[in-house]
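Colleague: The structure under discussion is supplied below as structure tokens; questions concerning it will follow.
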Amino acid sequence: MNRVFSGIQPSGVPTLGNYLGAIRNWVPLQHTAECLFCIVDMHAITQRQDPRELLANTREMAASLLACGLSPDRCVLFVQSHVAAHAQLAWVFNCIARLGWLNRMTQFKDKAGKDREAASTGLYVYPNLMAADILVYHATQVPVGDDQRQHLELANDIAEKFNHDYGVDFFPHVEPLIQGVAARVMSLRDGTRKMSKSDPSDQSRINLNDDSDTIANKIKRATTDADLLPDNLAALEGRAEARNLVGILAAVTGSTPEAVLAAHAGKGFGAFKPMLTDALVAHLGPIRAGMLRLLEDAPALDTALRLGAEKAEAMAEPILKRAYEIVGFLARR
């Protein structure tokens with residue numbers, strides 16, 4: 001069975017875009033592969049975080065993942081900072097990775113912006129920690145979006161250099177896991193931009209903890225155009241907002257955009273939006289209820305994360321120990 005690793009930052013309650021684009025695809029994986037899903041709070045602090053918000057966001061993310069269908073009996077769900085082996089192997093990888101490799105990382109350039117000198121060193125070596133996240137478990141597959149492919153390539157560069165430098169065949173090659181076409185959900189206010197938690201307008205996104213009235217209000221106010229829906233996808237060219245809403249309905253009903261258009265051709269958005277609202281409420285209502293139930297019992301949620309960390313530690317420690325032996329570290333007696 002393949003070993004799959006994926007991480008998600010605790011940046012607040014996931015959006016519909018996070019759910020349809022990634023989290024929902026993790027659920028079936030836990031039945032076909034050995035899966036580790038990690039809430040990467042150590043990556044989060046590479047940029048300034050309010051400690052109280054980070055703590056709350058970590059619990060909210062854990063509750064969200066469980067409510068979406070991840071099961072502690074089927075996968076290993078844990079918090080990154082609870083397993084010290086991530087940071088320990090990351091230091092070894094800091095000494096393996098080359099400055100030239102990190103200088104080519106486009107995501108650092110994007111996040112650091114114009115004031116590169118003010119960025120944290122943690123943000124700069126972020127890819128080395130990501131490599132450690134994966135390789136400390138000898139994971140062989142990682143579900144990734146386009147924005148993380150470069151980091152995955154770096155993880156393989158680090159693994160290959162470690163193996164070459166020490167004359168071993170220890171760290172495996174990691175493959176990106178492609179799970180078909182992921183739903184790409186755009187902003188409800190601007191169909192050319194991805195739905196994002198960082199957007200200053202809460203009206204631009206559906207959050208997984210939004211209640212039915214909030215969802216209805218956001219869909220009602222979502223940007224559209226005055227044209228009727230066509231009967232084919234090609235006719236939506238240049239209509240980004242219309243295409244986005246059609247795609248959302250298809251994703252939450254298990255359909256396709258083509259089938260949605262065939263069923264609703266000739267309708268205006270005054271008729272289409274209420275149907276979309278009903279579909280979203282029906283699909284997300286149980287997730288919201290599950291989240292609220294889990295968050296009401298923080299000790300039980302923390303216990304689930306502790307047990308997940310213990311499973312992760314048991315998997316990581318032998319790999320870290322062997323990596324230390326290869327490097328030449330004196331074993332602690």
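Colleague: Do you know which residues across region 71-116 are basic (Lys, Arg) and part of a loop (DSSP other than H, G, I, E, B)?
Modeller: Arg74, Arg98, Arg104, Lys114
Colleague: Leu236 versus (1) of a type in the set (A, V, I, L, M); (2) surrounded by 19 or more Cβ atoms within 10 Å (Cβ to Cβ); (3) modelled with pLDDT under 95; (4) closer than 30 Å to Ala56 by Cα: which is the lone unmet condition?
Modeller: Here Leu236 meets the rest and fails (4).
Colleague: Of the numbered conditions (1) of a type outside the set (Ser, Thr, Tyr); (2) under 26 Å from Pro14 (Cα atoms); (3) out of contact with any strand residue (DSSP E or B) (no Cβ under 7 Å at 6 or more places or on another chain); (4) assigned by TED's automatic domain parsing to the domain that holds Arg24, Asp165 satisfies every one except a single condition; which is it?
Modeller: The failed condition is (2).
Colleague: State yes or no: is Pro230 surrounded by 13 or more Cβ atoms within 10 Å (Cβ to Cβ) and either modelled with pLDDT of 95 or more or of a type outside the set (Ser, Thr, Tyr) (or both)?
Modeller: Here the answer is yes, as Pro230 does meet what is asked.
Colleague: Does Gly270 fit the bill of being of a type outside the set (Asp, Glu), outside the structural domain of Leu65 (by TED's automatic domain parsing) and not in a helix (DSSP H, G or I)?
Modeller: Considered against the rule, which asks whether it is of a type outside the set (Asp, Glu), outside the structural domain of Leu65 (by TED's automatic domain parsing) and not in a helix (DSSP H, G or I), Gly270 comes out as no.
Colleague: Being surrounded by fewer than 15 Cβ atoms within 10 Å (Cβ to Cβ) and of a type outside the set (A, V, I, L, M) is the filter here; which residues of region 84-110 pass it?
Modeller: Trp91, Cys95, Arg98, Gly100, Asn103, Arg104, Thr106, Gln107, Lys109, Asp110
Colleague: A follow-up question, please. Taking Ser71 as the residue in question, decide whether it is under 18 Å from Pro10 (Cβ atoms), of a type in the set (S, T, N, Q) and within 18 Å of the chain's Cα centre (by Cα).
Modeller: For Ser71, the condition - under 18 Å from Pro10 (Cβ atoms), of a type in the set (S, T, N, Q) and within 18 Å of the chain's Cα centre (by Cα) - is not met.
Colleague: Give region 181-203 a look and list any residue that's in a loop (DSSP other than H, G, I, E, B), more than 19 Å from the chain's Cα centre (by Cα) and in contact (Cβ under 8 Å) with a residue 12 or more places away in the chain, or say none.
Modeller: Leu188, Arg189, Asp190, Gly191, Thr192, Ser201
Colleague: Filter region 1-56 down to the residues that are assigned to a helix (DSSP H, G or I), β-branched (Val, Ile, Thr) and buried (at least 20 other Cβ atoms within 10 Å of the Cβ) and list them by number.
Modeller: Passing the criteria: only Ile23.
Colleague: Right, something else. In region 257-278, is there at least one residue being surrounded by 15 or more Cβ atoms within 10 Å (Cβ to Cβ), of a type in the set (Lys, Arg) and touching a residue at least 24 places away in the same chain (Cβ under 8 Å)?
Modeller: Within region 257-278, one or more residues are surrounded by 15 or more Cβ atoms within 10 Å (Cβ to Cβ), of a type in the set (Lys, Arg) and touching a residue at least 24 places away in the same chain (Cβ under 8 Å).
Colleague: Specify which of the listed residues (Ile206, Ile134, Ile158, Ile178) is modelled with pLDDT of 95 or more, assigned by TED's automatic domain parsing to the domain that holds Ala90 and within 17 Å of the chain's Cα centre (by Cα).
Modeller: Going through Ile206, Ile134, Ile158, Ile178 in turn, just one is modelled with pLDDT of 95 or more, assigned by TED's automatic domain parsing to the domain that holds Ala90 and within 17 Å of the chain's Cα centre (by Cα): Ile134.
Colleague: Here is a check on your reading of the model: is Ile219 closer than 28 Å to Leu20 by Cβ, assigned by TED's automatic domain parsing to the domain that holds Pro257, surrounded by 22 or more Cβ atoms within 10 Å (Cβ to Cβ) and not aromatic (Phe, Trp, Tyr)?
Modeller: Yes.
The values are calculated or read from the model by the stated rules, or taken from the named source; none is laboratory data. The structure presented is a predicted model; accordingly, all values stated were derived computationally and were not measured. Every residue, glycine as well, gets a Cβ built from its backbone with ideal geometry; the counts of neighbours run over all protein chains shown.
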